[in-house]
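Here is the structure we will look at.
The values are calculated or read from the model by the stated rules, or taken from the named source; none is laboratory data. Given the structure is predicted, the values throughout are model-derived calculations rather than measurements. Neighbour counts are summed over all protein chains in view; Cβ atoms, including those assigned to glycine, are modelled from backbone coordinates with ideal geometry.
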Amino acid sequence: MTWTWFHRLGSPPYVYRLAGRLMPWFAWSAALVILLGLFDGLVIAPADYQQGDGFRIIYVHVPAAWLSLMIYTWMGVAAGVGLIWRIKVAHAVAAACAPVGASFTAVALATGSLFGKPMWGTYWVWDPRLTSELLLLFLYLGYMGLRSSFDDLQRADRASAVLAVVGIVNVPIVKYSVVWWNSLHQGSSLSLAGKDTIATPMLIPLLVSMLGFTLFFAAVVLVRLQGEVLRRERSATWVREALA
Amino acid sequence: MNALRLVLMRDLMLAVRRPEHCVHPLAFFLLVTTLFPLAISPQLSQLRLIAPGVLWVAALLSALLALEFLFRDDAADGTLEQYALSGQSLTWLLLAKTAAHWLLTGLPLALVAPLAGAALGVPVSAFPGITATLGLGSLALSLIGSIGAALTLGVRRGGVLLSILVLPLVVPVLIFGSQATTLAIRGEAVAAPMELLGAIVVLAVTLAPLAAAAAVRISLE
């Protein structure tokens with residue numbers, strides 16, 4: 001097996017063009033899959049016997065919450081790769097991920113509290129999941145804050161990468177400490193092992209919607225990655241040629 | 001090991017000659033705990049309920065204040081750079097510095113905490129428990145905080161940023177610590193949250209100096 005495909009990912013011009021080529025595929029499939037998932041979830045799926053139509057917010061809430069954690073992991077892995085092998089493009093990926101992840105965390109919190117008002121009678125409860133999601137938002141904000149406080153790009157990259165890696169180690173500890181601290185959020189509807197506690201006609205649109213949101217994330221990150229690469233390489237000749 | 005002892009002794013000596021770095025966070029801690037009775041109610045029965053939270057939040061804020069001084073002076077006068085160039089392991093030297101920092105800020109705070117507790121209506125029987133939980137907890141705060149302090153080296157007005165970086169990371173310490181203190185005040189067994197706190201300290205002793213050393217190296221580049 002040759003590793004040239006992997007080594008080429010370290011080259012900014014190659015990554016810039018690759019991101020540009022892949023982006024429309026992800027964007028169009030995301031649009032298609034999200035529409036399909038939302039139509040199936042909001043129109044076709046049956047109403048819940050207890051929560052009525054209110055439960056349908058999960059078709060936005062669950063994908064956003066899932067992405068908020070997945071993007072943090074991506075960010076940490078990219079930052080770790082950048083820190084260890086000193087790959088500039090990896091740092092650009094981490095930088096591109098952070099604002100997207102923070103936005104999905106904010107969406108998960110907002111939809112969660114909109115769901116909480118009719119179901120639990122209050123917009124906010126100090127429930128473990130809500131609290132750990134809120135702390136995740138602060139972790140994202142800290143990461144972006146640290147990144148923006150250095151003028152030197154290389155220092156910003158490396159310092160924020162250390163923080164992202166520390167965050168990855170810490171996220172499970174925060175998660176479980178908060179769970180032991182106070183347990184109203186309904187248990188998880190999805191699990192890899194064991195039986196899902198959600199009816200199939202409701203589950204399928206949820207999975208479709210999660211896939212759609214994930215594709216959307218990929219498309220957005222590719223656009224942001226192109227921007228990051230351009231910003232970092234603005235004095236290089238290939239940029240002038242690419243933009244000419 | 002010799003270098004470790006030298007760094008530890010040097011930091012302790014510096015603190016003896018310039019005590020304000022350790023005295024100010026302590027004064028801040030006592031002041032913050034004084035604000036709560038003024039803001040809420042002077043009734044001891046009410047204050048006793050919120051005492052663990054008040055003690056821990058005040059300890060957290062005071063620890064953040066103290067963390068600003070952990071590396072700042074040594075970074076400014078080039079001492080950290082000499083440590084990095086000394087051929088000794090920077091990780092170990094930073095562990096020694098953090099240990100000195102805990103001896104100078106965390107331990108005194110744990111020792112005066114019963115005083116603040118007494119003012120909040122905590123019974124005398126809970127004093128050892130309060131000192132033990134805050135002593136162990138502040139060790140974790142110093143270690144985890146050392147990463148934040150190292151990352152914000154060279155950042156202008158890094159104090160606010162330091163709090164945003166460190167506070168979400170130390171939430172588990174706050175949770176288990178205030179749980180242990182609550183149990184101690186009620187006169188119940190504190191072993192379970194103390195063991196979890198201990199586990200966090202063990203993990204932090206192992207990993208935090210590594211991350212802090214990486215961060216200090218980045219700041220020297």
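Restricting the search to the range A:116-131, which residues are part of a helix (DSSP H, G or I), surrounded by fewer than 21 Cβ atoms within 10 Å (Cβ to Cβ) and either within 14 Å of chain B (Cβ to nearest Cβ) or within 23 Å of the chain's Cα centre (by Cα) (or both)? Scanning the range A:116-131 gives A:G116, A:P128, A:R129, A:L130. The set of residues in the range B:40-88 that are out of contact with any Lys or Arg (no Cβ under 8 Å at 6 or more places or on another chain), among the charged types (D, E, K, R) and not in a loop (DSSP other than H, G, I, E, B) comprises B:R48, B:E68, B:R72, B:D73, B:E81.
Residue-level check: of (1) farther than 24 Å from A:S160 by Cα; (2) within 14 Å of chain A (Cβ to nearest Cβ), B:G117 misses just (2). Here is the figure for the range B:32-45: residues that are polar (S, T, N, Q), surrounded by 12 or more Cβ atoms within 10 Å (Cβ to Cβ) and within 13 Å of B:V122 (Cβ to Cβ) total 1.
Being under 20 Å from B:A66 (Cβ atoms), part of a helix (DSSP H, G or I) and not acidic (D, E) is not true of B:G198.
Take B:P19 and decide whether it is within 25 Å of B:T181 (Cβ to Cβ) and out of contact with any His (no Cβ under 8 Å at 6 or more places or on another chain). In short, no. Here B:A204 meets the list (1) under 24 Å from A:P172 (Cα atoms); (2) of a type in the set (A, V, I, L, M, F, W, C); (3) within 9 Å of another protein chain (Cβ to nearest Cβ) almost entirely, failing just condition (3). For the range A:156-174, a tally of residues being more than 29 Å from A:R232 (Cα to Cα) and more than 7 Å from chain B (Cβ to nearest Cβ) returns 2.
Does B:G135 fit the bill of being among the small types (G, A, S), surrounded by fewer than 24 Cβ atoms within 10 Å (Cβ to Cβ) and at pLDDT 95 or above? Yes: the conditions hold for B:G135. Annotation: of all residues in the range B:176-214 being over 19 Å from the mean Cα position of the chain (by Cα) and of a type in the set (A, V, I, L, M, F, W, C), the one that is nearest to A:A156 (Cα to Cα) is B:A214. Report, by residue number, each residue of the range A:1-45 that is farther than 24 Å from A:E241 by Cα and outside any helix (DSSP H, G or I). Passing the criteria: A:M1, A:T2, A:W3, A:A45.
Inside the range B:1-37, can you point out the residues that are β-branched (V, I, T) and at pLDDT 90 or above? Hits for the range B:1-37 are B:V7, B:V23, B:V32, B:T33, B:T34.
Quick check on the range A:15-22. Is at least one of its residues of a type in the set (G, A, S), more than 18 Å from A:L211 (Cα to Cα) and crowded, with 16+ Cβ neighbours inside 10 Å? Scanning the range A:15-22, I find at least one residue that is of a type in the set (G, A, S), more than 18 Å from A:L211 (Cα to Cα) and crowded, with 16+ Cβ neighbours inside 10 Å, so the answer is yes.
Determine whether the range A:46-66 contains at least one residue that is closer than 30 Å to A:Q154 by Cβ, within 12 Å of the chain's Cα centre (by Cα), part of a helix (DSSP H, G or I) and not charged (D, E, K, R). No, that holds for no residue. Here the range A:70-114 is the region considered, the condition is being farther than 19 Å from A:Q226 by Cα and in contact with a Gly (Cβ under 7 Å, 6 or more places away or on another chain), and the residue that is surrounded by the most Cβ atoms within 10 Å (Cβ to Cβ) is A:Y72.
Hey, B:P193 hits all of (1) within 11 Å of chain A (Cβ to nearest Cβ); (2) under 18 Å from B:A211 (Cα atoms); (3) assigned to a helix (DSSP H, G or I) but one; which does it fall short on? Against the list (1) within 11 Å of chain A (Cβ to nearest Cβ); (2) under 18 Å from B:A211 (Cα atoms); (3) assigned to a helix (DSSP H, G or I), B:P193 comes up short only on (2).
Count of the range B:120-159 residues, restricted to those that are more than 13 Å from chain A (Cβ to nearest Cβ) and part of a loop (DSSP other than H, G, I, E, B), is 4.
For the range B:79-96, enumerate the residues that are modelled with pLDDT under 90 and either within 12 Å of the chain's Cα centre (by Cα) or not polar (S, T, N, Q) (or both). Listed by number, the list holds a single entry, B:G87.
Only one of the listed residues (B:V155, B:V166, B:V112) is surrounded by 21 or more Cβ atoms within 10 Å (Cβ to Cβ) and within 25 Å of B:L14 (Cβ to Cβ). That residue is B:V166.
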